[in-house]
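A quick write-up on the structure given underneath.
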Amino acid sequence: MATAEGYDRLAVLKEFDESKTGVRGLVESGVTTIPPIFRHPDLHPSDASPDLSIPTIDLSLPRPLAVDLIRAASRDWGFFQITNHGVPLPVLDRTISAVRSFHELPPAERSKHYSRSTDGGVSYSSNVDLYRSSAASWRDTIQVMMGPARAEPDRIPAVCRAELVAWDEHVTGVGRALMGMMAEGLGLGPGRLEEMTCLEGRTMVCHYYPPCPEPDLTVKRKGEPGEAYWVDVKPLPGALVINVGDLLQMISNDEYNSVEHRVVANSHQEARVSIGVFFNPGKRGESDFYGPLQELVSPEKPACYRNFTISEFMGTFFSKQLASKSLIDHFKL
């Protein structure tokens with residue numbers, strides 16, 4: 001179907017997808033301008049506030065103080081960084097390097113892994129929502145399911161297999177410690193979130209952002225009230241960035257905040273790598289319901305959200321488009 005831009009968008013998307021080399025492949029081909037499928041309909045320059053930064057929390061502080069800081073950051077920001085988290089810096093460096101090595105394999109090698117299927121718990125593609133979003137993002141991704149059932153080891157590319165499996169062990173330990181403190185910050189027992197199996201479902205998403213020839217053209221921002229600002233997240237060496245997420249906002253009955261965030265296009269000469277791990281409950285049956293914890297519901301503060309299953313939550317997440325309402329709005333009472 002031809003579009004107002006004068007090209008067949010679906011055909012271009014298919015051609016890009018069937019190349020099986022992702023955005024990295026476009027860079028390797030020598031493109032000097034971004035293809036139309038990456039151009040957002042409303043363009044805005046990056047307008048982050050230079051005077052604000054997300055909190056950084058030292059986990060070596062006395063636990064009551066760390067809990068207070070985590071509670072405040074989760075409530076007021078939804079994003080924060082942690083230091084002294086117990087993961088050695090060489091482990092961080094090796095994991096990032098291994099992911100970079102995979103994405104920079106020769107095209108013929110990495111294209112063997114390209115697939116939108118998640119069979120076996122591993123997928124490598126560009127833009128999980130490529131055919132649904134209004135504009136593609138300038139990145140490629142390898143995604144690995146680490147729980148409740150771990151991906152088949154031989155499905156994970158050999159160049160990064162050992163590092164990703166080791167990273168899962170480290171990040172699970174950090175997740176356990178953080179969930180305990182976040183639960184305490186809600187006035188709950190430290191094991192409350194883990195008892196809900198929130199540590200068991202883990203999806204590792206390894207993004208690769210090649211240098212972009214026109215970085216400003218891939219930045220999208222919705223109209224915001226005058227008092228809203230974008231805030232740059234400048235990672236500290238060795239620190240981990242923590243995102244509260246929509247599910248935790250709903251479980252906490254709005255005590256914690258999941259904020260809108262974006263990743264601007266990479267204007268540097270070196271590709272950028274990020275590894276995110278999404279924690280979700282491992283119990284995912286049709287009779288396993290989630291929603292605001294009863295301990296956090298009262299006549300003074302009734303439940304803000306209805307109950308839902310993880311399959312409904314994930315189905316809603318993957319069906320939403322960039323221009324749609326926020327995910328949590330689908331579950332509000």
**Prompt:** When you go through (1) modelled with pLDDT of 95 or more; (2) open to solvent by 30 Å² or more (accessible area, probe 1.4 Å); (3) over 30 Å from Leu130 (Cβ atoms); (4) not acidic (Asp, Glu) one by one for Ser53, which number turns out not to apply?
**Reply:** (1)
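State yes or no: is Gln269 at pLDDT below 90, over 21 Å from the mean Cα position of the chain (by Cα), open to solvent by 70 Å² or more (accessible area, probe 1.4 Å) and within 30 Å of Val23 (Cα to Cα)?
So Gln269 passes the test.
Residues that are buried (at least 20 other Cβ atoms within 10 Å of the Cβ) and touching a Gly at 6+ places or on another chain (Cβ under 8 Å): list the strands (runs of 3 or more DSSP E) wholly contained in the stretch 59-151 that include at least 2 such residues.
Of the strands (runs of 3 or more DSSP E) lying wholly inside the stretch 59-151, those with at least 2 residues that are buried (at least 20 other Cβ atoms within 10 Å of the Cβ) and touching a Gly at 6+ places or on another chain (Cβ under 8 Å) span 140-147.
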**Fill in**
A careful count of residues in the stretch 295-308 that are open to solvent by less than 80 Å² (accessible area, probe 1.4 Å) and farther than 21 Å from Ala183 by Cα gives 0
**Request:** Report whether or not Arg284 is modelled with pLDDT of 70 or more and either open to solvent by 70 Å² or more (accessible area, probe 1.4 Å) or assigned to a loop (DSSP other than H, G, I, E, B) (or both).
**Result:** yes
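Let's see how each residue does on (1) surrounded by fewer than 18 Cβ atoms within 10 Å (Cβ to Cβ); (2) farther than 28 Å from Ile142 by Cβ; (3) at pLDDT below 95:
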| position | (1), (2), (3) |
| --- | --- |
| Ala166 | yes, no, no |
| Gly180 | no, yes, no |
| Gly187 | yes, yes, no |
| Leu193 | no, no, no |
**Asked** Residue check: is Glu184 acidic (Asp, Glu) and either within 16 Å of Val277 (Cα to Cα) or under 20 Å from the mean Cα position of the chain (by Cα) (or both)?
**Response** no
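The values are calculated or read from the model by the stated rules, or taken from the named source; none is laboratory data. Please read these numbers as outputs of a predicted model, since none were measured by experiment. No Cβ is skipped: glycine too gets one built from the backbone with ideal geometry, and neighbour counts run over all protein chains shown. Calculation scope for accessible area: heavy atoms of the full protein, side chains included, ligands and nucleic acids excluded. Shrake-Rupley method; radii C 1.70, N 1.55, O 1.52, S 1.80 Å.
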